[in-house]
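Heads up, the thing below is written out as structure tokens.
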């Protein structure tokens with residue numbers, strides 16, 4: 001039976017927060033790697049375990065770069081286990097509390113990534129090249145039906161990425177019930193033009209993994225108010241028709 005993934009929304013936060021970045025595994029220590037960071041706390045802390053970086057109970061995430069800080073074209077890739085129904089709407093990226101749309105992560109290909117490297121699948125030269133063996137085994141331990149990933153990609157434009165342990169990186173929020181429920185999925189990034197090494201990729205262990213403990217924020221008060229007003233209007237209209 002296929003699972004249904006409801007399209008999620010990724011919100012680009014306008015504020016910078018201080019995030020402590022764990023050490024990058026030595027196997028991933030290549031020149032200028034990106035490394036995912038997130039704001040998980042307590043038992044759901046965002047910690048590089050040497051294989052990946054579980055989002056845990058994080059509500060925000062971003063990427064650092066070494067050496068840093070650097071400013072460059074940041075491309076986000078969202079990896080969805082291929083036993084989910086492909087969300088046709090993709091994943092919208094916004095900024096300014098949802099007021100400005102940065103872009104929409106759209107499906108790269110209807111043929112899922114099932115072998116080789118992510119760089120090869122995307123048709124780019126990148127370092128590290130992210131072999132599927134760095135991602136799929138962990139996904140299969142969470143979701144045995146997955147044999148690869150649907151890849152959604154979005155170019156967010158020129159962004160600031162701090163040095164490891166630094167401040168000033170662009171940070172993102174994950175909201176809604178879509179990607180946050182995609183257990184076994186990943187978020188990775190590539191820095192294109194502007195960075196010291198073009199097409200620098202995310203260190204394998206720095207890829208952000210969606211785990212069962214991942215949570216998403218509740219709607220903002222204004223959004224909840226609008227929703228309540230809409231429901232009230234529906235009830236009122238229904239009473240008039242009685």
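Order 126-139, 55-68 from most to least packed using the mean count of other Cβ atoms within 10 Å. Numbers along the way, then the final one.
On the way: 126-139: 19.4, 55-68: 23.4.
Final packing ranking: 55-68, 126-139.
Give the share of C-alpha pairs in each 10 angstrom bin for the range 70-158, from 0 to the last occupied bin, in whole percents, shortest bins first.
Bin by bin from 0 Å, the calculated values are 16, 43, 32, 10.
Just to be sure I understand the model, the point goes 7 Å from the Cα along the line to the Cβ. What's the resulting residue 155 to residue 197 distance in nm?
Computed distance between label sites residue 155 and residue 197 equals 2.2 nm.
Classify the range 120-165: rounded, prolate or oblate, from the alpha-carbon gyration tensor (a ≥ b ≥ c, eigenvalue square roots; a/c under 1.5 rounded; otherwise prolate if a/b is larger than b/c)?
Numbers: a/c = 2.04, a/b = 1.69, b/c = 1.21.
Since a/c reaches 1.5 and a/b is larger than b/c, the shape of the range 120-165 is classed as prolate.
Expected output is a single nm value to one decimal: the length gained when fully extending between residue 111 and residue 71, i.e. 0.36 nm times separation in residues minus the C-alpha distance. What is it? Walk me through the numbers before you get to the answer.
Working: separation 40, 0.36 × 40 = 14.40 nm, distance 3.23 nm.
Fully extending the segment from residue 111 to residue 71 adds 11.2 nm.
At 0.36 nm per residue, minus the direct Cα-Cα distance, what do residue 85 and residue 141 gain on full extension? Give it in nm, one decimal, please.
So the chain would gain 18.2 nm between residue 85 and residue 141.
Quick note: the coordinates plus some simple rules give every number you see, no bench work behind them. Given the structure is predicted, the values throughout are model-derived calculations rather than measurements. Note that each Cβ is placed from the backbone with ideal geometry, even for glycine, and that neighbours are counted across all protein chains shown.
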